[in-house]
Amino acid sequence: PGAAARAEEAAPAELRLAAPGGRHRVGLTTLHLTDAGRADPWVPEERRELMVSVWYPAARASGTPSPYMTPAESRVYLEAGGIPLPPEVLSTVVTHSTVDAAPAPARGGRPLVVLSPGFGMPRATLTGLAEELASRGHLVAGIGHNHEADGITFPDGHTTGCLVCGNPDYPRVGDTRAADVSLVIDRLGADRVVMVGHSAGGFSTVPALLADDRVVAAVNMDGNFRYPNDVPLDRPLLMLGKPSHAPGGPDPTWDETWAQLTGWKRWLTVDGMEHLSFTDVAPLGGQAGIPLQDLDGARCDAVTRAYVAAFVDRQLRGRAAPLLDGPSAWYPEVTLHRP
């Protein structure tokens, strides 16, 4: 049989995310935001619109399990990537949150974590990390940047694809995502935010940090720093990448950005991981019989969750994070660089 038939034969009956490790149940609500004052940079006749998934600690589960993607998002994403799986299979992925569950009370509000996915990547591909952080007590907003993802379904039922993936204007992407992040922060009323981005979302952390003082720290998961690297930045930044993103590697923007970071900073790489290994594609690909990297997909997921959660807890709650200060016997795949 062909590759597609083999993958369908190998795919398990059920794809599922790993359960989060925090003590809270998790709720999910979905927001449709329109920035009335801003034209969409990619379709100027439209106002800028976003779909945003908001995960939060819940007092109790609702009766409705959260969908991972819509059937249309699954079709668009799998088709765009040429991924040999049944077209709607990602709409059936088992998650660990429920729709519009009653929020757990929080004295003084909750700090916000904003997640920004890579080019072509639906916001759902960061769900495992989002559920992990929400289970630990954080409010988490995953942004669907319109026309920058293969699959964003809007409330009227239409689904958009990635208009800019073929020929991205990187500085404009950074500015656009920074404005998107500020819009989400405005609507959620947050005043202290950590941004975590993968790929394009990762390089957009620097413009977001420079543009909005409410973004107090950020994580770049394996994104090139495409934004100009000539502005010193004094806020905490975690650079978390695949092995080739080590100092002196083929992407000079990591070395250039490191030199401009004047505040708390860490540079980590993970042996056996690839570019998409920092997303749900790693564990789900492993379950579907399409491994992406040498390191087991579930292990990639565990490493990402552990290090990002340690950073977020340190920055938003002032908790000690020994994981970020040296080698760990628990995670021997991770190298801390001190260039």
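What net charge do the residues around L261 carry, taking every other residue with its C-beta under 15 Å from that of L261, with Lys and Arg at +1 and Asp and Glu at -1?
Neighbourhood net charge equals 0.
Determine the sum of side-chain charges near A39: Lys and Arg each +1, Asp and Glu each -1, restricted to other residues whose C-beta is under 14 angstrom from that of A39.
Once all neighbours under 14 Å are counted, the net charge is -3.
Would you pull out the residues with amide H under 5 Å of L112's amide H, same chain only if 5 or more places away, H placed 1.01 Å from N?
Long-range HN contacts for L112: R192, V194.
Starting from the 7 Å offset along Cα-to-Cβ, what nm value, one decimal, do you get for the label separation of Y331 and V99?
In this crude label model, Y331 to V99 measures out at 3.4 nm.
Could you compute the FRET efficiency for R317 and L163, with r as their C-beta to C-beta distance and R0 at 35 Å, rounded to 0.05?
0.35
Using alpha-carbon positions, what is the distance between the centroids of the stretch 43-65 and the stretch 146-204, in Å?
With the stretch 43-65 and the stretch 146-204 each reduced to a Cα centre, they are spaced 13 Å.
Can you compute the helix-only [θ] at 222 nm over the chain? Use -39500 (n - 2.57) per DSSP H run of at least 4 residues, normalise by all residues, nearest 500 deg cm²/dmol.
The per-residue figure over the chain is -8500 deg cm²/dmol.
In sequence order, what are the phi-derived ³J(HN,Hα) couplings for the stretch 331-339 according to the Karplus relation 6.51 cos²θ - 1.76 cosθ + 1.60 with θ = phi - 60°, rounded to whole Hz, with x for glycine and proline?
10, x, 5, 9, 10, 8, 9, 10, x
Using a 4.7 Å cut-off between beta carbons, which cysteines in the chain end up with no partner cysteine at all?
Cys with no partner Cβ under 4.7 Å: C300.
Rounded to a whole number, what % of the accessible area of the chain do carbon and sulfur atoms account for, probe 1.4 Å?
Roughly 52 percent of what the probe reaches on the chain is carbon or sulfur.
Could you rank the peptides 59-69, 142-152 by their average count of other C-beta atoms within 10 Å per residue, with the highest value first?
The peptides rank, most packed first, as 142-152, 59-69.
If Lys and Arg each add +1 and Asp and Glu each add -1, what is the summed charge of the other residues whose beta carbon sits under 11 Å from the beta carbon of I152?
Neighbourhood net charge equals -3.
Along the Cα→Cβ direction, 7 angstrom out, place labels at T64 and R47. What is the inter-label distance in nm?
In this crude label model, T64 to R47 measures out at 2.4 nm.
Show me, for the stretch 45-50, the HN-Hα J-couplings you get by feeding each phi into the Karplus relation (A = 6.51, B = -1.76, C = 1.60, θ = phi - 60°), rounded to Hz, glycine and proline as x.
3J(HN,Hα) across the stretch 45-50, in whole Hz: 6, 9, 6, 6, 10, 10.
Could you check the spin-label model distance between T92 and R192? Points 7 Å from the Cα along Cα→Cβ, value in nm.
4.4 nm
Go through [x] 22.8; [y] 20.7; [z] 20.0 and flag the label whose value is the computed Kirkwood radius over Cα pairs in Å for this structure.
Matching the structure shown: [z].
Whole number in Å², please: accessible area per residue of the stretch 241-339, 1.4 Å probe, ligands, DNA and RNA not counted.
Dividing the accessible area of the stretch 241-339 by its residue count gives 43 Å².
The values are calculated or read from the model by the stated rules, or taken from the named source; none is laboratory data. The model shown is predicted, which means the values in this text are computed figures rather than measured ones. No Cβ is skipped: glycine too gets one built from the backbone with ideal geometry, and neighbour counts run over all protein chains shown. Note: accessible area is taken over every heavy atom of the protein model, side chains too, but ligands, DNA and RNA are not part of it. Shrake-Rupley method; radii C 1.70, N 1.55, O 1.52, S 1.80 Å.
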